[in-house]
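K.L.:
Next up is a structure, given as C-alpha cells.
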C-alpha cells in the first residue's frame with residue numbers, strides 16, 4: 001500500500017529574493033525610503049545637495065588653467081562659456097603651486113625637502129607598520145638629524161655632533177650603570193650629553209668641518225614656507241609631544257609631590273593659554289626679553305612653543321587612558337614583582353595608549369591644522385603664502401582657488417592620519433570592548 | 001627628554017650669532033646685507049613674484065637703501081612682518097629698517113621710540129560704494145552699513161567722521177581685508193572703507209570695476225613712510241637721505257635713463273652734489289661719493305618707482321595726487337642737498 005505523501009519530497013530550487021529587496025533598489029528602499037519621514041528627509045537632502053553642487057561643480061570643472069592673470073582668466077572663461085559665467089581661475093595654482101608647497105625655498109634645491117619628505121615616509125614606516133623590517137628603525141633614529149641637515153643645509157658635522165651626544169649618553173648609561181647603579185646611570189646619561197653639547201660639540205664640529213668640509217648650501221629659515229613649513233612644524237611637534245606627553249602624564253600621577261606639582265602646573269598653565277598667545281610670546285615677547293641683536297631662529301621658537309602646547313594636551317589624553325585602566329592591572333603588575341618602569345612599559349602603557357589612540361590622533365590632527373595659526377605671526381605657511389600671492393597684481397582678488405587648494409592638501413594629510421588610526425585600532429582590538 | 005636637550009643645544013648654537021655693538025650702518029656693512037621689514041603682501045607696495053623676488057613701492061625704498069650702501073639693490077634680505085609684530089621686530093633689532101605701509105603718528109614716533117625718516121606715500125581713508133546706490137558724497141551715507149577691518153586706525157577715523165557730520169551708520173566689523181572685500185562684493189554692506197590706495201587696488205580686481213565708485217571724501221591723513229629705531233641718528237640719516245635722493249632726483253629730472261650721462265657732471269650744482277661729482281655729501285653720510293647714483297640706478301627716481309608699481313598704467317592705477325612734487329601742487333618736498 002502506497003501512502004500518498006502530503007509533504008513535498010523534493011527540494012524546490014532557491015528563488016532569488018524579491019527585486020525590491022536586493023541590489024540598488026533594495027539598498028535604496030532599505031536606507032533612503034523606509035517610511036514616509038525618512039523618505040521626505042532623503043528627498044530634501046538630495047535637493048540640498050543638488051543646489052549646492054549645481055553651482056560648485058561647474059565652477060570647478062569650467063575653471064581655466066591657461067589664464068595669465070585674474071583678468072585674463074575671466075576673459076578666457078567668458079570667451080569659452082559666454083557672458084556672465086564665473087568659474088575658477090586655476091592658473092594661479094599652476095603659476096604658484098611651488099610657493100604654496102615650498103615657500104621661498106630656492107627652486108634649484110627643491111630636491112632637498114622632497115628627499116626629506118620621502119625620508120620621512122621611510123622613517124615612519126617601521127614605526128607605523130609592524131610588518132616593515134625592524135632594521136629600518138635605525139634609519140628612523142638617525143632621520144631627525146638627516147632631515148635637519150637636508151632642510152637647513154650647512155655643515156653635516158653640526159647635526160652629527162648633536163647625534164654624537166645621544167650616543168655618548170647611551171654609552172655613559174651603559175658603563176656607569178654597571179659600575180654605580182641605576183640612578184647614577186640616569187644622571188650620567190643626562191649630564192654627559194649636555195656637557196658635550198654645551199662645551200665640546202661646537203668646537204668638534206667646526207674642527208671636523210675644517211678637516212673634512214662636507215656641507216650643503218645653507219638655507220635660512222626665512223625662506224621656509226608653504227606646506228613644507230606646516231609639515232616641519234607639525235611633524236616635529238607630533239613626534240616630540242608624544243614622549244613628552246607620556247612623561248607629563250606619568251608625572252601627574254606620580255606620588256612625588258614636587259614632580260607632581262610641577263607637571264600639574266605646566267599642564268594646567270599651557271592648557272589655560274591659547275596657542276596663539278604662545279605664538280605671540282615666541283614671535284614678539286621673546287624678542288624683548290632676549291638681548292638685542294640675538295638671532296634666535298623664529299621657526300625653532302615656534303616649534304618649541306607648538307611642542308609644549310601639544311605635549312600638555314597629549315598628557316591629558318594619556319592620563320585619560322591611564323585612568324580608564326582597571327586598578328587590577330596595576331596590582332597585577334605589582335604582584336608580578338615588576339618595578340615601576342617595567343610595569344609601565346610592559347603592562348600599563350600598551351593598554352593605556354591603545355585606549356587613547358583615537359584621542360591621540362585627533363590631537364595630532366588638531367596640532368597639524370593649528371600650524372596655520374603661524375600665518376598670524378607673519379610666517380608664510382599656506383595661508384600666509386596665499387596672502388602674499390594675492391598681493392601680486394596678476395592674482396589680486398583670487399580667494400577660493402587658493403584656499404581650495406590648501407584645504408585639499410590639508411584634507412589629504414588629515415584624512416590619512418585618521419584612516420591610519422582606524423587601522424591601528426582594528427589591529428590592536430583584543431576584544432575588551 | 002633627550003630630544004628636548006638637542007633642541008637646547010641647537011638653541012645655544014643659534015644664540016652664538018653675536019651681539020650688535022657698533023652703529024647700525026657698520027653692522028649692516030659688516031653683515032653684507034640690509035635686513036628690511038616689509039608687509040607679507042600688499043598689492044603694489046610689497047609683493048613676491050613667482051620666483052620669490054620681492055618688489056613693490058615700499059620694497060623699492062629698501063632696495064634703494066641697500067644700493068646706496070653696497071651699490072647692489074639685491075644686497076637686502078626681506079622679513080615679511082604682520083601689522084602686529086612689525087614694531088617689535090624693528091625695536092628688537094630683527095630688522096634694520098621698516099618699510100611697511102606704516103602711518104606716521106605721534107604715538108608711534110614718540111611712545112614706541114621710532115624715527116620716521118620721511119613720507120613715501122601720502123594716503124588717506126576713503127569710501128567705496130556700488131554705483132547703483134546713487135551716492136555721490138560720503139555725507140549721503142546716513143544709515144548705511146559700512147564694512148570695516150577691525151583693530152585699525154580706519155575704524156576710529158570712521159567713527160570720528162560720522163560723529164563730526166552728525167550722521168548715523170552701522171559698522172560691519174571684519175577681521176581681514178580680503179574677507180571685508182568679499183563681504184562688500186556679496187552685498188553684506190553698502191560701503192567699504194579703507195585707505196584710498198587699498199580701495200583702488202581692490203576695485204581693480206572686481207569683475208565689473210565700473211559698477212563701483214570711490215567717493216571724493218578723504219576722511220583721514222595717512223602719511224606712510226619708512227622708519228628706524230631711536231638712538232642711531234647716523235643710520236636714520238642714511239635712510240632719510242636715500243629717500244630724499246629719490247624725490248630730489250625726480251625734481252631735477254634725474255632718471256635711470258639719463259643717470260649715467262648726468263653723472264659725468266652738469267651745469268646744475270644741485271644735481272652735481274646729489275650725484276657726488278661735486279662736494280662730499282656721501283662722505284658725510286659714511287657712504288661712497290656716488291651713493292645716490294647707485295640708489296637711483298636700482299629702481300629709478302621716485303616717479304619711476306611710482307609709475308612702475310602703483311601708477312596709472314598699472315592695474316592699481318593710482319594718480320599722483322598728493323604724492324606729486326611740490327612744484328606740481330603735491331606734498332613731495334625734499335630738503336636741499338647742500
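K.L.:
Checking residue B:21 against (1) part of a loop (DSSP other than H, G, I, E, B); (2) modelled with pLDDT of 90 or more: exactly one of these is not met. Which one?
P.N.:
Residue B:21 satisfies every listed condition except (2).
K.L.:
Confirm whether residue A:213 is in a helix (DSSP H, G or I) and either surrounded by 15 or more Cβ atoms within 10 Å (Cβ to Cβ) or at pLDDT below 90 (or both).
P.N.:
Details: in a helix (DSSP H, G or I): no; either surrounded by 15 or more Cβ atoms within 10 Å (Cβ to Cβ) or at pLDDT below 90 (or both): yes.
It is false that residue A:213 is in a helix (DSSP H, G or I) and either surrounded by 15 or more Cβ atoms within 10 Å (Cβ to Cβ) or at pLDDT below 90 (or both).
K.L.:
Please verify whether residue A:288 is assigned to a helix (DSSP H, G or I), touching a residue at least 24 places away in the same chain (Cβ under 8 Å) and within 13 Å of chain B (Cβ to nearest Cβ), treating the condition exactly as stated. Explain how you work it out, then say what you get.
P.N.:
Working: assigned to a helix (DSSP H, G or I): yes; touching a residue at least 24 places away in the same chain (Cβ under 8 Å): no; within 13 Å of chain B (Cβ to nearest Cβ): yes.
So residue A:288 does not fit the description; no.
K.L.:
I've got another one for you. Residue A:231: closer than 30 Å to residue B:78 by Cβ and within 13 Å of chain B (Cβ to nearest Cβ), yes or no?
P.N.:
no
K.L.:
Specify which of the listed residues (A:229, A:208, A:247, A:259) is surrounded by 20 or more Cβ atoms within 10 Å (Cβ to Cβ) and part of a helix (DSSP H, G or I).
P.N.:
A:229
K.L.:
Kindly establish whether residue B:56 is in contact with a helix residue (DSSP H, G or I) (Cβ under 8 Å, 6 or more places away or on another chain), surrounded by fewer than 21 Cβ atoms within 10 Å (Cβ to Cβ) and more than 16 Å from residue A:222 (Cα to Cα).
P.N.:
Answer is no for this residue.
K.L.:
Within region A:360-403, restricting attention to residues that are more than 9 Å from chain B (Cβ to nearest Cβ), within 21 Å of residue A:89 (Cβ to Cβ) and without any contact (Cβ under 8 Å) to a residue 60 or more places away in the chain, which residue is surrounded by the most Cβ atoms within 10 Å (Cβ to Cβ)?
P.N.:
Applying the filter and picking the extreme gives A:383.
K.L.:
Only one residue in A:273, A:264 is part of a loop (DSSP other than H, G, I, E, B), out of contact with any strand residue (DSSP E or B) (no Cβ under 9 Å at 6 or more places or on another chain), more than 20 Å from residue A:103 (Cα to Cα) and away from chain B (no Cβ under 13 Å), so which one is that?
P.N.:
The unique qualifying residue is A:273.
K.L.:
Any idea which of A:151, A:168, A:137 is touching a residue at least 60 places away in the same chain (Cβ under 8 Å) and either under 21 Å from the mean Cα position of the chain (by Cα) or crowded, with 19+ Cβ neighbours inside 10 Å (or both)?
P.N.:
Going through A:151, A:168, A:137 in turn, just one is touching a residue at least 60 places away in the same chain (Cβ under 8 Å) and either under 21 Å from the mean Cα position of the chain (by Cα) or crowded, with 19+ Cβ neighbours inside 10 Å (or both): A:151.
K.L.:
What tally of residues in region B:34-76 results from selecting those that are farther than 30 Å from residue B:200 by Cβ and within 11 Å of another protein chain (Cβ to nearest Cβ)?
P.N.:
1
K.L.:
Moving to a separate point now. Given the options A:409, A:347, A:389, name the one that is assigned to a helix (DSSP H, G or I), closer than 30 Å to residue A:254 by Cα and modelled with pLDDT of 90 or more.
P.N.:
A:347
K.L.:
With the condition kept exactly as written, say whether any residue in region A:133-141 is touching a strand residue (DSSP E or B) at 6+ places or on another chain (Cβ under 9 Å), assigned to a helix (DSSP H, G or I) and closer than 29 Å to residue A:112 by Cα.
P.N.:
no
K.L.:
Further, regarding this structure: Within region B:272-327, work out how many residues are out of contact with any helix residue (DSSP H, G or I) (no Cβ under 8 Å at 6 or more places or on another chain) and not in a helix (DSSP H, G or I).
P.N.:
6
K.L.:
Hey, among B:327, B:314, which residue is farther than 30 Å from residue A:395 by Cβ and surrounded by fewer than 22 Cβ atoms within 10 Å (Cβ to Cβ)?
P.N.:
B:327
K.L.:
Hey, could you check region A:98-121 for residues that are more than 16 Å from residue A:149 (Cα to Cα) and loosely packed, with under 14 Cβ neighbours inside 10 Å and say which is farthest from the other protein chains (Cβ to nearest Cβ)?
P.N.:
Only one residue tops the list, namely A:121.
K.L.:
Filter region A:68-127 for residues that are free of Cβ contacts under 8 Å to residues at least 60 places away in the same chain and outside any helix (DSSP H, G or I) and give the result.
P.N.:
A:82, A:83, A:84, A:85, A:86, A:87, A:110
K.L.:
Here's another thing I want to ask about it. Is one or more of the residues making up region B:157-165 in the same structural domain as residue B:198 (by TED's automatic domain parsing), closer than 24 Å to residue B:101 by Cα and in contact with a strand residue (DSSP E or B) (Cβ under 7 Å, 6 or more places away or on another chain)?
P.N.:
yes
K.L.:
Moving on to the next point. One residue is enough: does region A:311-325 have a residue meeting the conditions more than 25 Å from the chain's Cα centre (by Cα), more than 25 Å from residue A:152 (Cβ to Cβ) and part of a helix (DSSP H, G or I)?
P.N.:
yes
The values are calculated or read from the model by the stated rules, or taken from the named source; none is laboratory data. Model, not experiment: these values are computed from the prediction. So basically every Cβ, Gly included, is an ideal-geometry build from the backbone, and we count neighbours across all protein chains shown.
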